[in-house]
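Colleague: Before I ask anything, here is the structure I am working with.
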């Protein structure tokens, strides 16, 4: 989505650099344009963004309130699966359990603060959502999908000449990450994911789907 939005940015915009070289190379000539370097990064949370905006670069201290803000939400189950593989891939000195169910049980018992266990903290401040709209992520982003309709709505609100979903569908750049294998979640894992995702479910008025994506109520 950051790549899709890059098409409509100008030199006056803040464009954060992407972490992976393959991603940056797909900007189509835009290149690394993070003028503020380490002061602002992609995937930052609301407090970090507010701290960045409250500096001498911006005369208007309330500039955050003037922006149209949106975020991308993931299904809670898929979010946990993605986070598990991210931690597994990036944790070399402190290996995680091989089983995703063991990993979730460890989260539940130890409440590790360094692991994002839900989407809520990304787009809320003081436990209140601060976004004006959201896109619900799905594997299928083509015409007729929920994600396509959400992107179309956002594009219209931003008066973009193209639908973000069409651009996004042509990119789908995450193919160099993990393959989508079948994942099995036991009953305890499913109940924990449901418990910590209640705020997002209430905000979106969506039902919790324990069979979403690559899951099954089977013990691994």
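Colleague: Kindly rank 141-149, 183-191 from highest to lowest mean number of other beta carbons found within 10 Å of each residue.
Modeller: For the peptides 141-149, 183-191, the packing ranking is 183-191, 141-149.
Colleague: Between residue 48 and residue 99, how high is the FRET efficiency from 1/(1 + (r/R0)^6) when r is the Cβ-Cβ distance and R₀ = 22 Å? Nearest 0.05.
Modeller: 0.10
Colleague: Once you place label points 7 Å from the Cα toward the Cβ at residue 5 and residue 88, how far apart are they in nm?
Modeller: 3.0
Colleague: For the pair residue 12/residue 196, report the inter-label distance in nm, with labels modelled 7 Å from Cα in the Cβ direction.
Modeller: 4.2
Every number here is computed from the coordinates shown, using simple stated rules; none is lab data. What you see is a predicted model; the values in this text were computed from it and never measured. Cβ: placed from backbone, ideal geometry, glycine included. Neighbour counts: every protein chain shown.
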